[in-house]
Amino acid sequence: MKKLTVLLVIVLSVLVVFSADFYIVKEGDTLSKIAKETGLTIEELVKFNNIENPDLIVVGQKLRLTPPYTQKDLNEQMVMAMLWYQNSGEMRALAYQAFNIAKLIYDMDLKEESTKPRAVIVDVDETVLDNSPYDAGHIGTNNAYPKGWTEWCEARLATPIPGAVEFLNYVAKTGGVVFYITNRSESVKQATIDNLKMLGFPFADEEHVLTKTTTSDKEPRRQLVAEKYKIVLLMGDNLNDFSSLFRKKGVEERNELVDQMKEMWGTKFIVLPNPIYGDWEGAVYNYNWGLSPEGKDKARKEHLFMWRYEE
Ligand SMILES: [Mg+2]
C-alpha cells in the first residue's frame, strides 16, 4: 500500500511538472481556448511555439507553455565572468594596477601648480564597490536587475575593490578631494554613504556622493565638480563614467571613440574591469533592454567573432 502511494505521488508529480510546461492539443481546441485554460495570452503561445498560423494547430501537437529560453538560461551565461571577477588573481591585479597608475598620475600632478583644489572623480559600482554577490545571486533563478537591487544597497554589504580605499585616502591625505558620481538613485544615497564610510572611504558624505537625480548622464555632475576643482582623474568601469560622447552609442561607434581618445586611457581616464554588465552589453542590444532572454541570447551570439575547425 505504502509503495503504491509513493508510486502514485511520483506519477502525479511528473504529470504536474509536465503539464506546467507543455499542453497537448485536444479535439476541438483553439489557441484562444488553450490560452484561457492555461492563463496565457494567444501572443505568448504563438511566441513560445513559433506558430506561423494561429488558426492552424493539430490534435496531438505539443505546445510549450513557457518561453523556450528563459532569464534563468540567460543568467547561466554569467557564470564564467562571475568566476573570473570573484576568484581570479588577475582581476585583483588589474584593480591594483588601476589604482597604482592613478597614484602615479596623481603624484605627477602634485608637482604642478594648481589654482584650483584637486579632485578625483570615481564611479561607485564596480569601480570602488564590489556588488558581484548581488549579480551572482541571479544565477539559478529567473531574476535580473533591478529586482532586489534596492534591498542589496540597503543591506550595505558591498566590499571594496582592491586598492580603492588606499588610493582615495592618499588623495585625501595630500589635500585632494574625492567625488563619487554614481547612477545609484537618491533613495539609496544614505545606504551608499554608510557602506562607503564603514569600509574606510574618505569623503563619504552628502556633499561628495552625487547620486542620480534627473538624468543618468553624468556630465552635468562632472561639470559641477569642474567649476570649483581641477579634475585630475576620472575612474570608472563604464565608458559613460568618462565622457557623455559614449552615451547610447552602438558597439562600433563606442570602439571608434575609444580609439580616437587613445591618449586619455591611463593618463586621465582609468578603467576598471567589469565583464559582468555595463553599457557595452546595452550596445550589443542597441539599448533595447526589453528584449526577451531569447532575443538577448541571439544578439550576444551574433556579436561573436567565430572561427570553426572544419572536419
Ligand atoms: Mg559602475
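Nothing in this text is a laboratory measurement; each read-out follows from the coordinates by a stated rule. Predicted, not measured: the structure shown is a model, and the values here were computed from it. Because the Cβ atoms are built from the backbone with ideal geometry, glycine has one as well, and the counts that use them run over all protein chains shown.
What is the extension gain from Lys197 to Leu56, computed as 0.36 nm multiplied by their sequence separation minus the C-alpha to C-alpha distance, in nm to one decimal?
Numbers: separation 141, 0.36 × 141 = 50.76 nm, distance 6.28 nm.
This chain segment gains 44.5 nm when fully extended.
Our note on the geometry: Cα centres of segment 259-311 and segment 20-85, 29 Å apart. A Cα-only calculation for the chain places Rg and Dmax at 25.5, 91 Å.
Listed by chain and number, the lysines placed with their C-alpha closer than 21 angstrom to that of Lys230 are Lys103, Lys111, Lys116, Lys173, Lys218, Lys268; residues fewer than eight positions away on the same chain are left out.
Among DSSP bridges having both ends in segment 73-296, what percentage is antiparallel? Round to the nearest 5. Percentage antiparallel, nearest 5: 10.
Here the peptides 177-184, 212-219, 114-121 are ranked by packing, the mean other Cβ count within 10 Å, and the order with the highest first is 177-184, 114-121, 212-219. The packing ranking of peptides 122-129, 30-37, 106-113, highest mean first, is 122-129, 30-37, 106-113, where packing means the average number of other beta carbon atoms within 10 angstrom of each residue. Along segment 202-210 the Karplus relation, 6.51 cos²θ - 1.76 cosθ + 1.60 evaluated at θ = phi - 60°, assigns HN-Hα couplings of x, 6, 7, 8, 3, 6, 9, 9, 9 Hz to successive residues, with x for each Gly and Pro.
As a rough footprinting exposure proxy, the listed residues Leu65, Leu257 were ranked by other beta carbons within 10 Å of their own, and the order from fewest upward is Leu257, Leu65. Full extension of the segment from Leu257 to Thr115, taken as 0.36 nm per residue of separation minus the current Cα-Cα distance, would add 48.0 nm. Net charge dipole, segment 235-311: roughly 220 debye, given to the nearest 20, about the Cα centre with Cβ charges of +1 for Lys and Arg and -1 for Asp and Glu. Whole-Hz Karplus values for segment 235-249 come out as 10, x, 10, 9, 4, 5, 6, 10, 8, 6, 4, 7, 4, 6, 8 Hz, taken residue by residue from phi with 6.51 cos²θ - 1.76 cosθ + 1.60 and θ = phi - 60°; glycine and proline positions read x. Note: relative contact order over the chain, using C-alpha pairs below 8 Å and six or more positions apart, is 19 percent.
Remark: Trp307, Trp84 ranked as Trp307, Trp84, counting other beta-carbon atoms within 10 Å and listing the fewest first. Taking the DSSP bridge list for segment 119-245 and keeping only pairs wholly inside it, about 15 percent are antiparallel. 3J(HN,Hα) along segment 71-82, derived from phi through the Karplus expression 6.51 cos²θ - 1.76 cosθ + 1.60 where θ = phi - 60°, amounts to 4, 4, 4, 4, 4, 4, 5, 7, 4, 5, 4, 5 Hz, with x in place of Gly and Pro.
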